[in-house]
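Bear in mind that the values in this text are calculations on the coordinates, not laboratory data. In this text, all values refer to a predicted model and were calculated from it rather than measured experimentally. Because the Cβ atoms are built from the backbone with ideal geometry, glycine has one as well, and the counts that use them run over all protein chains shown.
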Amino acid sequence: MTTNTTKTNTIAKTRTGAKTNVAVEAEVSRGTLITLGVAGAVVGIWSFASLAAGMIAAGGPIALVKAWFSAVTGM
């Protein structure tokens, strides 16, 4: 007696129809805004550190102003 066995392979394909509405311009603008904000913060921190170091080196804020005025006017 011979038995016939047939194998059937079934492949199920599913598709999802999820659509995302992401505005590329908004994402680029957000990235640019964050980058410019961080750059501004770095420049601000650097300028404050430079001013503080100048005051320490000059001997105080009044001495710093006198030294700056002397350097600018050449007197």
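Report whether or not Gly37 is of a type outside the set (A, V, I, L, M, F, W, C) and touching a helix residue (DSSP H, G or I) at 6+ places or on another chain (Cβ under 8 Å). Full working, then the answer.
Values: of a type outside the set (A, V, I, L, M, F, W, C): yes; touching a helix residue (DSSP H, G or I) at 6+ places or on another chain (Cβ under 8 Å): no.
It is false that Gly37 is of a type outside the set (A, V, I, L, M, F, W, C) and touching a helix residue (DSSP H, G or I) at 6+ places or on another chain (Cβ under 8 Å).
Only one of the listed residues (Ala71, Ala26, Ala39) is within 21 Å of the chain's Cα centre (by Cα), part of a helix (DSSP H, G or I), exposed (fewer than 10 other Cβ atoms within 10 Å of the Cβ) and aliphatic (A, V, I, L, M). That residue is Ala26.
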